[in-house]
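Structure record follows, encoded as structure tokens.
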Amino acid sequence: MTSWEGKQALYRIAQEALHNAGRHARATQVRIVLSQVDAQVRLEVQDNGVGFDSENAFPGHFGLNTMRERATDLGGRLDIESRPGAGTTVRATIPVTQPIPS
């Protein structure tokens, strides 16, 4: 992955997670953490919204599927933790071959 591809993918994942937190989850607080450990960059977006059952598939939820595709296209993964009434955490982990510059 080039740093540009990674930065763009992480930006779009964060953008979609923030959109979902505001529009669907009705969150009043959102926490965003971006970190790099060794050869992996991790983005975590956590909200205090209404949540949903993340154990089921996401048919018709194009944003969630698109976030997952962006991460997996770069050899990474996307994890979504949520349950009704308990908010949502979206975590994208993407491998990098060089540090992502700021």
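The values are calculated or read from the model by the stated rules, or taken from the named source; none is laboratory data. In this text, all values refer to a predicted model and were calculated from it rather than measured experimentally. Neighbour counts run over all protein chains shown; Cβ positions are idealised from the backbone, glycine included.
Listed values, structure above:
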| quantity | calculated |
| --- | --- |
| Complete set of residues in segment 18-43 that are among the polar types (S, T, N, Q) and surrounded by fewer than 12 Cβ atoms within 10 Å (Cβ to Cβ) | Thr28, Gln29, Ser35 |
| Residues (within 14 Å of the chain's Cα centre (by Cα) and polar (S, T, N, Q)) located in segment 1-39 | Gln8, Gln15, Asn20, Ser35 |
| Residues of segment 52-86 that turn out to be over 14 Å from the mean Cα position of the chain (by Cα) and either hydrophobic (A, V, I, L, M, F, W, C) or buried (at least 19 other Cβ atoms within 10 Å of the Cβ) (or both), as a count | 4 |
| Entirely in segment 2-102, the strands (runs of 3 or more DSSP E) that have 3 or more residues that are at pLDDT 95 or above and of a type in the set (Phe, Trp, Tyr) | none |
| Given (1) over 16 Å from Asp79 (Cα atoms); (2) touching a residue at least 60 places away in the same chain (Cβ under 8 Å), index of the condition Asn20 fails | (1) |
